[in-house]
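The values are calculated or read from the model by the stated rules, or taken from the named source; none is laboratory data. This structure is a prediction, so every number in the text was calculated from the model and none was measured. Cβ: placed from backbone, ideal geometry, glycine included. Neighbour counts: every protein chain shown. Just the protein is used for accessible areas: all its heavy atoms, side chains included, with ligands, DNA and RNA removed. Shrake-Rupley method; radii C 1.70, N 1.55, O 1.52, S 1.80 Å.
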Amino acid sequence: MSSDDSTADTETALQFRLSTLFVVTLAATILAAFLNPRGEDHMMAGAVATVAAMALGFLVGTWFPPRAERVFWGMVIAAMMQAVAAEVILYDRKGILAWPLAAGFAAVFAASRSGLYRRMIYGAATSSAVIGIYMGVVRAPSSVVIAVVGSAAIGGALLPVLIEMVRWIETRYRIPQPAIGLTLVIAAIGFSVAAPRLIPGW
């Protein structure tokens, strides 16, 4: 009996890993198809930002669990921001890497299980720090730096709210996390395509 249970658990775990791998591959393929016509630098930036967020999530999560949550949200939010950055008017071309890095890194710190307000501070601090470095590299004027860093801080502070909303939906409707990640990436692509047509100056 115990042997059968053990075999069933192993098969379930294997199926979960395979389904997760399939969904992640599908999300990466969809994002790559979206970014490819916009230039090879978008493709490279997307790969670098996603892998960097994954690595940071693994490192931080090893010391401060949950590791899987940090890796998942870091990768998903970086991919989402990559889609948005591909269509928005950026101050400098380097922003196609800086913004996804800022979002992915902030998501890693926002995906803990600590208090919401603390995570909002972590998210705001992380995203504004990364964008602050980016602004320094491109030597933007102080007026631009203040506006851009402020926007990054607001976005980073709102990430934990988004994560909590999605976690509630995941628990309430028992939706697999990989499916949620795929849905969020596709939604970000849809938003990035629609925004320039709906929002003047986007």
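Quick look at the values:
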read-out: Top-ranked residue of the range 33-51 - restricted to ones that are buried (at least 19 other Cβ atoms within 10 Å of the Cβ) and either at pLDDT 95 or above or not polar (S, T, N, Q) (or both), ranked as farthest from P100 (Cα to Cα); value: F34
read-out: Failed item, numbered, when S114 is tested on (1) open to solvent by less than 50 Å² (accessible area, probe 1.4 Å); (2) part of a helix (DSSP H, G or I); (3) in contact with a Phe, Trp or Tyr (Cβ under 9 Å, 6 or more places away or on another chain); (4) over 21 Å from V51 (Cβ atoms); value: (2)
read-out: Looking only at the range 63-115, and only at residues there that are without any contact (Cβ under 8 Å) to a residue 12 or more places away in the chain and hydrophobic (A, V, I, L, M, F, W, C), the one that is farthest from G190 (Cα to Cα); value: W63
read-out: Pick from the range 76-89, criterion open to solvent by 50 Å² or more (accessible area, probe 1.4 Å) and of a type in the set (A, V, I, L, M), ranking: farthest from V24 (Cα to Cα); value: I89
read-out: Selection count where residues are under 27 Å from A125 (Cα atoms) and under 15 Å from the mean Cα position of the chain (by Cα), scope the range 168-181; value: 3
read-out: Check on G123, at pLDDT 95 or above and either part of a helix (DSSP H, G or I) or over 29 Å from V23 (Cβ atoms) (or both); value: yes
read-out: Pair list, Cβ under 6 Å, 6 or more apart: the range 186-202 residue more than 19 Å from A78 (Cα to Cα), other residue open to solvent by less than 60 Å² (accessible area, probe 1.4 Å) and in a loop (DSSP other than H, G, I, E, B); value: P196/E87
read-out: Some residue of the range 134-142 being within 20 Å of A45 (Cα to Cα) and not in a helix (DSSP H, G or I); value: yes
read-out: Filter result for the condition that a residue is open to solvent by 30 Å² or more (accessible area, probe 1.4 Å), of a type outside the set (S, T, N, Q) and not in a helix (DSSP H, G or I), over I154, I169, I175, I186; value: I175
read-out: Test: E69 is within 12 Å of the chain's Cα centre (by Cα), modelled with pLDDT under 95 and either open to solvent by 10 Å² or more (accessible area, probe 1.4 Å) or more than 25 Å from W168 (Cβ to Cβ) (or both); value: yes
